1. With θ taken as phi - 60° and the coefficients 6.51, -1.76 and 1.60, list the Karplus ³J(HN,Hα) couplings across region 84-89 in order, rounded to whole Hz; mark glycine and proline as x.
2. Counting heavy atoms of the protein chains only and a 1.4 Å probe, report the per residue accessible area for the chain as a whole number of Å².
3. Relative contact order (percent) for the chain, with alpha-carbon contacts under 8 angstrom and 6 or more residues of separation?
4. Taking region 115-149, which GluC sites (Glu not before Pro) meet the DSSP loop condition and have no more than 16 other C-beta atoms within 10 Å?
5. Cα convex hull of region 63-123: mean projected area in nm², to one decimal?
6. From the Cα trace of region 4-196, what convex hull volume per residue do you get, rounded to a whole Å³?
7. What are the semi-axes of the equivalent ellipsoid of region 110-157, taken as the square roots of 5 times the eigenvalues of the Cα gyration tensor, listed largest first and rounded to whole Å?
8. Please sort 30-39, 205-214 by packing, taking for each peptide the average over its residues of neighbouring beta carbons within 10 angstrom, highest first.
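The values are calculated or read from the model by the stated rules, or taken from the named source; none is laboratory data. Values in this document were obtained by computation on a predicted structure and should not be read as measured data. Virtual Cβ from ideal backbone geometry, glycine too; neighbours counted across all protein chains shown. Ligands, DNA and RNA are excluded from the accessible area calculation, which covers all protein heavy atoms including side chains. Shrake-Rupley method; radii C 1.70, N 1.55, O 1.52, S 1.80 Å.
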Amino acid sequence: MINSTDSKDNIFIFDMLRIQLDSSIIANGGKEIQVDSKIKECCSQKRDSVIKSWLWDVPGFRRWRVTRMNSGNSIQVLNTVAYPEYANDQPILGVDILWFGVKRKLVAVLDFQPLIQDDQYFLKYYEELKTIRNSFNEFQSTENMNIYDSSKYFSPWVLFYNGKFDLFQSYLPDLFSQFIDCYWNLTLKSINQPGDLNPKQVKNIHIDYDVYNAERDPAHGLFKSYYGKEWSDYFVSNFLFPLALNSGK
Ligand code: BLA
């Protein structure tokens, strides 16, 4: 049985993950950028649910967005994507963590999303992520990845879980902090290293990433059912994947 203490604990874990993320962004020089009020926060008319978003200006990054959805025991979400500057060809940070309280189901996806699928690129950027993945056995299978293509914008070392998972409260904070720390280490190293892709190539890949994800992200359907079609279309095009809007595709 699910009780209310359970639900509070889960909300607390997700709030903690976001605070952990905020603190590490601020420690690395991040400053919050104001977003319009429609994007900042939206409450569902139909259900007990609120979605809040933040945009950060972080040295070395073109864009860093964070979204937190709180629908009590129905669904908890933390989602963040960090796009490095075009002059840096390091992977995009991608995190999507969802908890469905009634089903006791966890969907957790944490990856350094590669700009290209290339052995040299993997050698350069994935050493530390490999080590983390090896210490979280449960997060190693992409078998249940159905909507996305695991070989497009996912690395072979993506931390992925999709299914019933009762231990998430004890696992997630540790997994998340190791993962984020690892990404900062990577950023420090790659800012001082020339990339193999030039800024024009990186820009085109960032555009393609937004186009691909705007088409595929199952978030859109979920948002529609909570916040209506108009808000969802606006949020996906203007906040989640803005480069898809002007790509001409
Ligand atoms: C899955 N993500 C999902 C699902 C939903 C969301 C509803 C399907 C879960 C299920 O029913 O099994 C929801 N995505 C969201 C929400 C936001 C969002 C609410 O972006 C809010 C902003 N998704 C990402 C990023 C990655 C990602 C950055 O946004 C990569 C790290 C991956 N999400 C991802 C994957 C799945 C998923 C791989 C599993 C879907 C599949 O089976 O392929």
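1. x, 4, 4, 6, 10, 8
2. For the chain, the per-residue accessible area is 47 Å².
3. Details: 386 pairs, mean separation 41.8, N = 249.
It rounds to 17 percent for the chain.
4. In loop regions of region 115-149 (DSSP not H, G, I, E or B), the sparsely surrounded GluC sites (Glu not before Pro) are 143.
5. Numbers: hull surface 20.0 nm².
The orientation-averaged projected area of the Cα hull of region 63-123 comes to 5.0 nm².
6. Hull volume normalised by residue count: 124 Å³.
7. On the way: eigenvalues 59, 50, 9 Å².
Ellipsoid semi-axes (Å, largest first): 17, 16, 7.
8. 205-214, 30-39
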